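The values are calculated or read from the model by the stated rules, or taken from the named source; none is laboratory data. Bear in mind that the values here come from a model prediction, so they are computed numbers and not experimental data. Cβ: placed from backbone, ideal geometry, glycine included. Neighbour counts: every protein chain shown.
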Amino acid sequence: MTSAWGLDRRMPGRTLLVGCGKIGVRLGERVIAHGGEVTAIRRHASGLPSGFRTLAADLEQPLAEPLPEFDSVVITLPPSRANPEQGSIYPLALPAIADALPSVPPRVVFVSSTRVFEGRPGPEPLTEADAPQSSSPGGQSLVEGERLAQELLGAVVVRPAGIYGPGRDSLIRRVRAGDAIDGTRRTNRIHETDLVRLLEVLLRAEAPPALVHGVDEEPVQLGDVAEFIAAQLGVPVPPAVEPPVGGGTVLDGSLLRSLLGELRYPTFREGYAEMIAQR
């Protein structure tokens, strides 16, 4: 695939995964499969694949030792600290990483969330040109994290919507249980597989965009998703929340599709149908 972004012109050699959870592990495995080296840094280094180099560190504190050189860094830290009442981890962790690196790597990717738009609900699609507006401490922490990652590390920012996939089946469980659902709420989502593909493309692109919305091709009301899941499960459609709250945003995923081309899971239908078939 070729485009203005210079896709596949850059090969990550040494990649640091900061806060390496499920997304980081899948991305790291792809980097290693293409001949790269991966170091994962998180609070507990156990349980990571054998091919990963590991570094256990509490990112609420300055790192005890300097980090080696890396040509790529991917940051997938959730915003809250170990004690959520203490606020965001980003003002502590991002300077700690920046200070420990010998220089700013050529490519840094910071994974945020579409929660940065929760304060501006509406039916009009929001693009990467729209300014974030958050209405919760968690969303505000994400906005701050984006700013710090860009200022300290020149990061490319990815904002995934609701991530789903194997092991991320809370909506399936709610539908099966018959929990009441606010079907009028506008929702966006992305399958975990397509998010990992996007992160890999951003590592390999010669000139990636500075900001990408990680969303699939079909924003939809939650009720439509619940009805589809109920039909696949052969259970009644969940009852509606009364009164409905509604709200939610619509995110435009055109930029992501210019990077990835065809999504493996272009809508919720392909993803949830596969998940239910494999249960």
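Results, tabulated for the structure shown:
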| item | result |
| --- | --- |
| First in segment 15-40 and surrounded by fewer than 24 Cβ atoms within 10 Å (Cβ to Cβ), second anywhere and of a type in the set (D, E), Cβ under 8 Å, 6 or more apart | K22/E192; I23/E192; R26/E192; R30/E200 |
| Only one of S136, S88 that is loosely packed, with under 13 Cβ neighbours inside 10 Å and among the hydroxyl-bearing types (S, T, Y) | S136 |
| Exclusive hit being exposed (fewer than 13 other Cβ atoms within 10 Å of the Cβ), modelled with pLDDT of 95 or more, more than 30 Å from Q133 (Cβ to Cβ) and not basic (K, R), set S72, S103 | S103 |
| Residue in segment 49-59 that is under 24 Å from L142 (Cβ atoms), in contact with a helix residue (DSSP H, G or I) (Cβ under 6 Å, 6 or more places away or on another chain) and not in a strand (DSSP E or B) present | yes |
| Any hit, segment 52-59, residues being within 21 Å of the chain's Cα centre (by Cα) and either modelled with pLDDT under 95 or under 19 Å from P160 (Cβ atoms) (or both) | yes |
| Meets criteria (over 25 Å from G167 (Cβ atoms), of a type in the set (V, I, T), in contact (Cβ under 8 Å) with a residue 40 or more places away in the chain and touching a strand residue (DSSP E or B) at 6+ places or on another chain (Cβ under 8 Å)) for V241 | yes |
| Segment 2-14: number of residues that are loosely packed, with under 13 Cβ neighbours inside 10 Å and aliphatic (A, V, I, L, M) | 1 |
| Options R189, R168: the member that is buried (at least 21 other Cβ atoms within 10 Å of the Cβ), within 17 Å of T114 (Cβ to Cβ) and among the basic types (K, R) | R189 |
| Which listed residue is assigned to a loop (DSSP other than H, G, I, E, B), small (G, A, S) and crowded, with 16+ Cβ neighbours inside 10 Å, from G271, G248, G223 | G248 |
| Those residues of segment 155-186 which are in a strand (DSSP E or B), within 23 Å of L77 (Cα to Cα) and of a type outside the set (A, V, I, L, M, F, W, C), in sequence order | R159, P160, G162, Y164, G165, R168 |
